[in-house]
Amino acid sequence: MSRIGKLPINIPEGVTVDVNADNLVTVKGKLGELTQQVNKDIEIKIKDKTINVINNGNTKQANAMHGLYRSLINNMVIGVSEGFETKQEFVGVGYKAEMKGQQLIMSLGYSHEIIFELPPEIKAEAKAEKRANSILTMRSHDKQLLGMVASKIRSLRKPEPYKGKGIKFVGEELRRKAGKSAGM
């Protein structure tokens, strides 16, 4: 039995959770609405402002999914009440980001600018100050979507190991390599 799956989820004020007959969990709050389909072997019980995720099947798959669905539902509850935020830093000479509506326009050292269309669920802002790296801040109520978009943006120019140029998350520790002059 999963240690994470056994933990109850507290429902904050202003958040409503509904489970229909098809095991579709719907969470509504001030920041939006999220839905998640849950496996038939997992039972969701709502009682006294808490949600309990119960593993009814003793199959290997049901045991593996128990903690996963508890974490997904917990992220949904936190997302619609507080929201999530990621910050990415553009490190390098000439690397910058700017927002125009829902389009993210990036200069990443290529011969052309890269235009990235953000989903409507994500709110973003880009700060570019002189003599400082551009910082892209993205906010959303959907943690999965936010993580996927942040990962896609980072994959456009991953930080290289020698100088650290590229797109990295703020606070991320990079493993740096010594150049060829360090070996002598």
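The values are calculated or read from the model by the stated rules, or taken from the named source; none is laboratory data. Everything quoted here is computed from the prediction, not taken from an experiment. Don't worry about glycine lacking a Cβ; one is built from the backbone with ideal geometry, like all the others, and counts go over all protein chains shown. Areas reflect the complete protein model, heavy atoms only, side chains present, ligands, DNA and RNA absent. Shrake-Rupley method; radii C 1.70, N 1.55, O 1.52, S 1.80 Å.
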If you roll a 1.4 Å probe over the heavy atoms of the protein chains, what accessible area per residue do you get for segment 106-184, in Å²? 70
What are the principal axis extents of the Cα atoms in segment 12-82, in Å, biggest first? 37, 19, 18
Within-15-Å neighbourhood charge of Ile11 [Cβ basis; K, R +1; D, E -1]: +1
Dipole of segment 128-181, positive direction: furthest Cα of Pro159, Ala178, Ser140, with charges on the beta-carbon: Ala178
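Per-residue ellipticity at 222 nm for the chain, helices alone: DSSP H runs ≥ 4 residues times -39500 (n - 2.57), over residue total, nearest 500 deg cm²/dmol?
After summing the helix terms and dividing by the residues of the chain, the value is -6500 deg cm²/dmol.
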Vicinal HN-Hα couplings computed from phi for segment 141-151 (Karplus, 6.51 cos²θ - 1.76 cosθ + 1.60; Hz; Gly/Pro x): 8, 9, 5, 5, 5, 4, x, 5, 5, 4, 5
State the answer as a single residue: which of Val93, Ile122, Met106 lies farthest towards the positive end of the charge dipole of segment 80-129, with beta carbon charges of +1 for Lys and Arg and -1 for Asp and Glu, about the Cα centre. Val93
Inter-part distance where segment 102-142 and segment 53-72 are each reduced to a Cα centre, Å: 37
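Within 10 Å of each candidate Cβ there may be at most 14 other Cβ atoms; applying that plus a DSSP loop requirement, which trypsin sites (Lys or Arg not before Pro) in segment 44-128 survive?
Qualifying residues, ordered by number: Lys49.
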Env charge @ Lys127, Cβ radius under 12 Å, K,R +1 / D,E -1, value -1
Once you treat every alpha carbon in segment 2-150 as an equal point and sum by Debye, what is log10 I(q)/I(0) at q = 0.18 Å⁻¹? -0.97
Within segment 71-112, chymotrypsin sites (Phe, Trp or Tyr not before Pro) in DSSP loop having at most 15 other beta-carbon neighbours inside 10 Å: Tyr110
What are the semi-axes of the equivalent ellipsoid for segment 83-157, taken as the square roots of 5 times the Cα gyration tensor eigenvalues, largest first, in whole Å? 20, 13, 11
Above-threshold pairs, the threshold being 25 Å between Cα atoms, out of Lys123/Lys152; Lys130/Lys168; Lys87/Lys152; Lys28/Lys152; Lys40/Lys60: Lys28/Lys152
May I ask for the angle, rounded to the nearest 10°, between helix 60-81 and the longest principal axis of the chain, with both axes built from Cα atoms and the value confined to 0 to 90°? 70
